[in-house]
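Scroll down for the structure; my scribbles are underneath it.
Bear in mind these aren't lab numbers, they're just calculated from the coordinates by the rules spelled out. Just so we're clear, the structure is a prediction, and the values are computed from it rather than from any experiment. Note that we place each Cβ from the backbone using ideal geometry, even for glycine, and neighbour counts take in every protein chain shown.
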Amino acid sequence: MKVVLAADSALDLDDFLYEKYKIHLMPVTITFGEESYQDTIDITSNDIYERVKQGADIPKTAATNIVEYYEFFKQFENDNVIFLSMGSGFTSAYQNAVIASKEFENIHVIDTKNLSNGMGLLAIMVDTLEYVAKGGRVSALTKVSAEALKIHPSIAIVDNELKVGRLFRGRRDKAAMKYVKEEMKKLDSYDPTLFFVASSTVGDELVNEIVKYIESLNYFKEIKITNIGSTVSVHTGPGAVGLIGLLK
């Protein structure tokens, strides 16, 4: 039996990784009221931002249910499957995947304890707290205060949960560079082979500036630009930037 890699679409791996390792995706469901969409299939991050801009409520993500996972796993009955699930601290999807996998001897579900880019996400600096606040991660008062003071918070994965971390003040570009320089103080902790700079907005020029700065450090052999996908963008909103690397 051959080994097959599969993952929840929320892991937002780069396209070249999907192609190189032939990774199969289980789309996460994103809902606008009564309307449902499949991440990576019929909705993108920019689609979400445009609909919210036009007045729609910020959408929600729905955990993939047991039956959906069962149907997804059925196609691999003749393969050994390693399935990378969203962190169990964020959603019941992991538990559902585990239950569905028990119907098969060849499905192995891994709790990545993470969102977006698998186990490599360091942190994300968001441009606005609107999406984070409506997702229930911070209070409305915190959101208003941060906007008034031009504060850009970072959100990070801590103990299998998405939490608001350090705060960076000033214009978005200056705040982002402060954030990047803070993260780069931990440079020696990361594998130099490959590093990612991620953005929740396609064509964000700030990302190119961040890449140039990291390149000037002459540490990573390769730096790639990637996107923060629809599932995570529901929580970050437009203008978020992230750094992704693997620990040594």
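When you filter the trypsin sites (Lys or Arg not before Pro) in the range 3-88 for DSSP loop state and at most 15 other Cβ atoms inside 10 Å of their Cβ, you are left with 22.
In order along the range 108-113, phi translates into HN-Hα couplings of 10, 8, 10, 7, 6, 6 Hz, rounded to whole numbers, per the Karplus curve 6.51 cos²θ - 1.76 cosθ + 1.60 with θ = phi - 60° and x for Gly and Pro. Seen from residue 33, the other residues with C-beta closer than 12 Å to its C-beta sum to a net charge of -1, counting Lys and Arg as +1 and Asp and Glu as -1.
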